[in-house]
């Protein structure tokens, strides 16, 4: 039995009887960059230090120190001067490369077509992503002071640990920033809630707008065509219109100093500004002066409320020498003071750079479009997988043909060609093919562009600017270089004497064939995409079919848009097929929410519960399940009566009635500091979305604040019902278009991003498997051609066609099964442990589903493999061997 010992060097510098040498890669690197006249002395010194360290510190430390010395040694005086002959090819040489590349492409038509088609598909995805990235990075870049503008965001954390991150903040923070916060040049505040209907004479038109402070135009670069930007929003009842809104209201006449009426308030147009650029996270048609709100006594108390963080947006303009960290210190100081007076929750604020708003953190209550940065990285990653798959195709087929090309290279090197010239020749050939593929991919790009925009992204245009076109060309060149570099370097390293005597196939490492490794990676990507598509679509189907704890069947939600609920109900109730009507503040189950602080016995313990203001018909109409008490409010309940119906989760969270629904009925709670009586308990339901767990929620009688009318219909012909609803709506409101949709359609629309994601990944799955299949077909064709004589000999000796097909196919089938063995478990673990674990509810990943992906995968591969192998197995051996 052998005894294992640590492998330490002997005193003569050997290890297990073999001399210990410095790392070979480090020696080659030194010879590559070091001047020839300095190399011998420097290498001798390093070897001397290595020998000394070998005896005193051991082989591992000695090799490590040697490598570090080689990496740290490059200096200007030690670097080898580049050879103009090596790195600066003459125009005549470039012409020769191009001519040779053209001849090679024409001579190998099948492989050239496979490469061009594969690269064009991969490049088309890359072009789409480049255009998308250009659009995403263009947002808010037109502002002159963009690098000095910051938005204040808010994080709200309840005592129970619930966290809510908002893009909005309190007006009080804006006041504090403008009056007491040092290091701020200017502050602009915006607020939502501006009435959208503008009346001129007898004409009323919808105009969306925001409330804005007088400093708005000092902070942002929105130029005025008419009016003074310094005073346009200074006085109460002032309003600034965009050029488009002004034309809609006044036509070609000047809008400046004209009077308009918004609800019951008259406004004077004090400015007309350019239309808002597309790439602005702020989108509006009008700005009304903030001082109009401040002059209204109804709002004075609301403005002073630190807890009111839902409607205001504060932007800071820092001076040229401003320090955002010092501003953050001042905001933290304010939060500490205010939070000491707020027992229910803790509110903290943060600075967000303007250019990080659109493409940045995923925040609630955004004022405009935004895309989480993580989405961008996912898109880039998926696109890179498709591009790499196309690159693998070229590399794979080039290495497969290396046997034929190696003789060509051997002859060139015998005739005096340098290694760098051989590399350049094959790289140029790859770049030429990539540029040919670019021409095809541009046509595909316009097809992907139309399909992508039709999915609904309104935040991108995907137009072709000079920068985007230049990026397209650069991508094609980079893809060509990446695709051709490995085959070029491999072929350039060929020994001409050896290859002219006997060419050998290339190998990756010692035992793994490089071609098989590339096919393995391609099909691993493809199967991962197929499995991901199935999992995401299954999750989408789970969400839209999952019971929410109440009925959504045959219910239509109609947005009232400021109209009287009673009037709309009266008209809608007369339509045939209408079997029930109710009112609500919002549509539940779609992620929307209103909330209120609730306390029970312990004044220090509170919970932020979701709330919906409803009428007496809402709960029966939606068939909520009653646990205790009553599930309806009496029709005669006056507005000042405070009765609520709660869910079980609220009882559990505050331990109301020892979590007994029967005991909870009749108990009183404090809702935003006011007593409310529990008259009923409902079984838990999904107030928000299925992304989160069931949260505490309650209903209160509040029909006067209804925003939606809920209509139960009995007819199944939705298009004709919608037409009748539109006809009735026109008799009620000629200004706003009807906004009505089936509850089930609302749910599908809410979870549409999952559907879109499954479609995008499904398209990528199709493209990657198509590219991989092209490469596999090329490899099968090449293998069949090179083994044709072997197959003929075996057939003469009695081999059956089935055994010959198996002989030609078994290597590829083994690779595909290995890819499945890696891809399916990896995809399962990714979704089960990382992606789906973030969701409160999700559909399970079934073994049957993954096996169906594998079956589809194998069927496609078998069709490709058999398309050529069966023909070769059936070939006439006499025709093949007659020349032998």
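Screening the candidates 272, 314 for the property of being surrounded by 15 or more Cβ atoms within 10 Å (Cβ to Cβ), touching a residue at least 40 places away in the same chain (Cβ under 8 Å) and either more than 33 Å from the chain's Cα centre (by Cα) or not assigned by TED's automatic domain parsing to the domain that holds residue 187 (or both) yields one hit, 272. Looking only at the stretch 554-566, decide whether some residue is part of a helix (DSSP H, G or I), touching a residue at least 24 places away in the same chain (Cβ under 8 Å) and buried (at least 19 other Cβ atoms within 10 Å of the Cβ). Looking for residues that are part of a helix (DSSP H, G or I), touching a residue at least 24 places away in the same chain (Cβ under 8 Å) and buried (at least 19 other Cβ atoms within 10 Å of the Cβ), one finds at least one in the stretch 554-566, hence yes. Within the stretch 516-553, the residues that satisfy the criterion of being part of a helix (DSSP H, G or I) and without any contact (Cβ under 8 Å) to a residue 60 or more places away in the chain are 517, 545. Condition (residue is closer than 15 Å to residue 599 by Cα and at pLDDT 90 or above) applied to the stretch 678-690: is it met by at least one residue? There is at least one residue in the stretch 678-690 that is closer than 15 Å to residue 599 by Cα and at pLDDT 90 or above.
Residues that are farther than 19 Å from residue 328 by Cβ, in contact with a strand residue (DSSP E or B) (Cβ under 7 Å, 6 or more places away or on another chain), surrounded by 22 or more Cβ atoms within 10 Å (Cβ to Cβ) and in the same structural domain as residue 347 (by TED's automatic domain parsing) do occur in the stretch 149-171. When residue 261 is tested against (1) under 25 Å from residue 146 (Cβ atoms); (2) more than 32 Å from the chain's Cα centre (by Cα); (3) in a strand (DSSP E or B), exactly one condition is not met: (1).
Of the helices (runs of 4 or more DSSP H) lying entirely inside the stretch 1-104, the ones with 1 or more residues being at pLDDT 65 or above and surrounded by fewer than 16 Cβ atoms within 10 Å (Cβ to Cβ) are found at 24-33, 36-57, 59-72.
The requirement of being modelled with pLDDT of 80 or more, closer than 29 Å to residue 128 by Cα and either surrounded by fewer than 17 Cβ atoms within 10 Å (Cβ to Cβ) or in contact with a helix residue (DSSP H, G or I) (Cβ under 6 Å, 6 or more places away or on another chain) (or both) is not satisfied by residue 837. Residue 343 meets each of the listed conditions (1) surrounded by fewer than 19 Cβ atoms within 10 Å (Cβ to Cβ); (2) touching a strand residue (DSSP E or B) at 6+ places or on another chain (Cβ under 9 Å); (3) not assigned by TED's automatic domain parsing to the domain that holds residue 245 apart from (3). Can you say whether residue 500 is more than 30 Å from residue 849 (Cβ to Cβ) and either surrounded by fewer than 20 Cβ atoms within 10 Å (Cβ to Cβ) or modelled with pLDDT of 75 or more (or both), as far as the supplied structure shows? Yes, satisfied. Considering the stretch 571-586, and only residues there that are part of a loop (DSSP other than H, G, I, E, B) and touching a helix residue (DSSP H, G or I) at 6+ places or on another chain (Cβ under 9 Å), the residue that is surrounded by the most Cβ atoms within 10 Å (Cβ to Cβ) turns out to be 585.
Residues that are within 30 Å of residue 375 (Cα to Cα), in a helix (DSSP H, G or I) and either in the same structural domain as residue 831 (by TED's automatic domain parsing) or modelled with pLDDT of 90 or more (or both) occur at least once in the stretch 733-744.
Within the stretch 639-665, track down each residue that is in a helix (DSSP H, G or I) and at positive phi. Matches in the stretch 639-665: 657, 658, 659. For residue 307, the conditions (1) outside any loop (DSSP other than H, G, I, E, B); (2) surrounded by 15 or more Cβ atoms within 10 Å (Cβ to Cβ) all hold with the exception of (1).
Going residue by residue through the stretch 436-457, is there one that turns out to be outside any helix (DSSP H, G or I), in contact with a helix residue (DSSP H, G or I) (Cβ under 6 Å, 6 or more places away or on another chain), within 30 Å of residue 151 (Cβ to Cβ) and at pLDDT below 85?
There is at least one residue in the stretch 436-457 that is outside any helix (DSSP H, G or I), in contact with a helix residue (DSSP H, G or I) (Cβ under 6 Å, 6 or more places away or on another chain), within 30 Å of residue 151 (Cβ to Cβ) and at pLDDT below 85.
Out of all the residues in the stretch 815-828, is one or more within 29 Å of the chain's Cα centre (by Cα) and under 24 Å from residue 873 (Cβ atoms)? No, the stretch 815-828 has no match at all. Among the residues that make up the stretch 216-224, is at least one of them free of Cβ contacts under 8 Å to residues at least 12 places away in the same chain and assigned to a helix (DSSP H, G or I)? Checked the stretch 216-224: no residue is free of Cβ contacts under 8 Å to residues at least 12 places away in the same chain and assigned to a helix (DSSP H, G or I).
Taking the criterion of being in contact with a helix residue (DSSP H, G or I) (Cβ under 8 Å, 6 or more places away or on another chain), crowded, with 18+ Cβ neighbours inside 10 Å and assigned to a loop (DSSP other than H, G, I, E, B), the residues of the stretch 666-693 that qualify are 684, 689, 690.
The values are calculated or read from the model by the stated rules, or taken from the named source; none is laboratory data. Values in this document were obtained by computation on a predicted structure and should not be read as measured data. Counting neighbours? That spans all protein chains shown, and the Cβs are built from the backbone with ideal geometry, glycine included.
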